[in-house]
1. Tell me yes or no: at least one residue of the range 202-215 is in contact (Cβ under 8 Å) with a residue 24 or more places away in the chain and buried (at least 24 other Cβ atoms within 10 Å of the Cβ).
2. Looking at residue 134 and the list (1) part of a loop (DSSP other than H, G, I, E, B); (2) touching a Gly at 6+ places or on another chain (Cβ under 8 Å); (3) among the hydrophobic types (A, V, I, L, M, F, W, C), which single condition is not satisfied?
3. Taking residue 127, is it at pLDDT below 95 and assigned to a helix (DSSP H, G or I)?
4. Pull up the range 164-218, narrow it to residues that are of a type in the set (D, E, K, R) and not in a helix (DSSP H, G or I), then point me to the one that is modelled with the highest pLDDT.
5. Surrounded by 22 or more Cβ atoms within 10 Å (Cβ to Cβ) and hydroxyl-bearing (Ser, Thr, Tyr): is that true of residue 77 in this structure?
6. List the residue pairs whose Cβ atoms are under 9 Å apart, where the first residue sits in the range 64-90 and is touching a residue at least 12 places away in the same chain (Cβ under 8 Å), the second is surrounded by 14 or more Cβ atoms within 10 Å (Cβ to Cβ) and of a type in the set (Ser, Thr, Tyr), and the two are 6 or more positions apart or on different chains.
Amino acid sequence: MIMEIQDVIVLCMEFMGTVAFAASGAMTGINCRMDAFGVCVLGVITAVGGGMTRDVILGNVPGALTRPVYVLAAVVTAAVVFTVVYFKKNLFQGNIGMVYDRIMLIMDSTGLGIFTVMGVMTGISEGYVENTFLLTVLGVLTGVGGGLLRDMMAGQPPYIFVKHIYACASVAGAVSCVYIYRIFGQIPAMVTASALVTGIRFLAAYNHWNLPRITLED
């Protein structure tokens, strides 16, 4: 019974992350004036790109190809976003636009937290529970990999390198997930670590936290 509950929680978290990242990718495609196909592709890449890269590193067939339900969920999400914006082009202007930006922040941050812990858990399931560095890399790659591929395909500077605290939040979540798992188990590790990543992202966005950068004068 406990294992069934854990499986349901993991499945729900995976779908939440997929929908959140697919919506983020779809909006990037819309802002770049891509057509419906391009928007859907960008939504799928954002949702499953990081996980596919992780699986390749582990020497496995990408889970998105063996379990296409996640690709289907990403396509449906991106198509819904495209349809809504297509028929309501002015929907996200003014005050509603501010609400939309906050919703996207919540979805993107939630997706980052969920996929970071899913990357760590995948590494643990492969038998690397004692390799903290590898598990951290897998978690961060799963969390930010899809967004990195999305921005590269859209011809934009990768979001993780220029905007607020993003990859660093994923690193903090991945490391905490590893150590909490070793002490308290899977579910406490996943819930706590994903909440930590999301919380750091919210605080960074609200307080406009950014890492130091160099501005060269002409």
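The values are calculated or read from the model by the stated rules, or taken from the named source; none is laboratory data. Keep in mind it's a predicted model, so treat the numbers as computed, not measured. Here Cβ is always computed from backbone atoms with ideal geometry, including for glycine, and neighbour counts include all displayed protein chains.
1. no
2. Result: residue 134 fails condition (1) only.
3. Working: at pLDDT below 95: yes; assigned to a helix (DSSP H, G or I): no.
When the stated conditions are applied, residue 127 does not pass them.
4. Our first condition is that a residue be of a type in the set (D, E, K, R); within the range 164-218, this holds for 182, 201, 213, 217-218.
Within this subset, residues satisfying the condition of being not in a helix (DSSP H, G or I) are 213, 217-218.
Details: 213: 76, 217: 69, 218: 56.
By that ranking, first place goes to 213.
5. Details: surrounded by 22 or more Cβ atoms within 10 Å (Cβ to Cβ): yes; hydroxyl-bearing (Ser, Thr, Tyr): yes.
In short, yes.
6. Listed pairs, sorted by first residue: 64/70; 70/18; 71/18; 73/18; 74/18; 74/46; 77/18; 78/46.
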